[in-house]
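Quick notes on the structure that follows.
The values are calculated or read from the model by the stated rules, or taken from the named source; none is laboratory data. Predicted model, so just to flag it, every value in this text is computed and none were measured. Quick reminder, even Gly has a Cβ in these numbers, built from the backbone with ideal geometry, and neighbours come from all protein chains shown. Surface accessibility is based on the protein's heavy atoms, side chains included, excluding ligands, DNA and RNA. Shrake-Rupley method; radii C 1.70, N 1.55, O 1.52, S 1.80 Å.
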Amino acid sequence: MRNTVDVPYTDDILASAGMTRTELAETARIATAAKLFQDGKISMGQAATMCGFGKVAFMEELFRRGYSVVNLSIDDAEDELRFINGDD
């Protein structure tokens, strides 16, 4: 089942943002997916699917827009650093 979320806005918001309706919808979709991913609510694959991208294209889009493409907890990041440094 495919669902949608409505975000009400007026034409002056489009004008202020200098965006078309399509651009605003895409920006809202990507921002929502990025936030859910960064909060650990959904996976990278789910976020990509939400935006109609493959994983790599979604990661590139996140990077292009200034979002983090890594979603590690502090413990996971420390584990990764220990692994990289050979400190098993």
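Remarks
- Residue within the stretch 16-23 that is under 11 Å from the mean Cα position of the chain (by Cα) and among the acidic types (Asp, Glu) present: no
- Flag if Asp75 is outside any helix (DSSP H, G or I) and of a type in the set (D, E, K, R): no
- Complete set of residues in the stretch 19-60 that are open to solvent by 70 Å² or more (accessible area, probe 1.4 Å) and aliphatic (A, V, I, L, M): Met50, Val56, Met59
- Scanning the stretch 78-88 for residues that are in a loop (DSSP other than H, G, I, E, B) and at pLDDT below 80 yields Asp87, Asp88.
- Pairing residues of the stretch 2-18 that are open to solvent by less than 90 Å² (accessible area, probe 1.4 Å) with residues that are modelled with pLDDT under 90 and not in a loop (DSSP other than H, G, I, E, B), at Cβ distances under 9 Å and at least 6 apart in sequence or on separate chains, gives no pairs at all.
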